[in-house]
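Visitor: Structure provided below as structure tokens; questions to follow.
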């Protein structure tokens with residue numbers, strides 16, 4: 001199926017796509033600055049700050065069997081894996 005747009009419509013669509021791409025880029029950069037400023041081996045306090053949740057909620061999360069842990073270092077959590085876990089499990093810590 002081929003779709004043809006008038007030049008004016010093409011320009012409008014092109015501008016909208018550029019705006020969406022710019023917003024996505026800025027959002028991605030902001031996320032990177034927010035999360036990757038933390039060390040690769042997180043403490044519970046780091047997780048509290050990163051996700052703006054209290055110590056009780058973090059304690060519940062880190063006790064889960066599926067929560068990523070650094071096995072050789074007590075109470076340390078791999079940053080990148082924690083970010084991925086939290087992204088995939090927002091229902092565990094976001095109210096509403």
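Visitor: With the structure loaded, tell me whether residue 27 is surrounded by fewer than 10 Cβ atoms within 10 Å (Cβ to Cβ) and part of a helix (DSSP H, G or I) or whether it fails that test. Write out each step before concluding.
Guide: Details: surrounded by fewer than 10 Cβ atoms within 10 Å (Cβ to Cβ): no; part of a helix (DSSP H, G or I): yes.
Considered against the rule, which asks whether it is surrounded by fewer than 10 Cβ atoms within 10 Å (Cβ to Cβ) and part of a helix (DSSP H, G or I), residue 27 comes out as no.
Visitor: I'd like to verify a number: residues in the range 43-81 that are touching a strand residue (DSSP E or B) at 6+ places or on another chain (Cβ under 6 Å) and part of a helix (DSSP H, G or I), how many?
Guide: Looking only at that region, the number is 1.
Visitor: Of the conditions (1) in contact with a helix residue (DSSP H, G or I) (Cβ under 6 Å, 6 or more places away or on another chain); (2) over 19 Å from residue 94 (Cα atoms); (3) at pLDDT below 95, residue 72 clears all except one; give me its number.
Guide: Failing condition for residue 72: (1).
The values are calculated or read from the model by the stated rules, or taken from the named source; none is laboratory data. If you're wondering where the values come from, they're calculated on a predicted model, not measured in any experiment. Neighbour counts run over all protein chains shown; Cβ positions are idealised from the backbone, glycine included.
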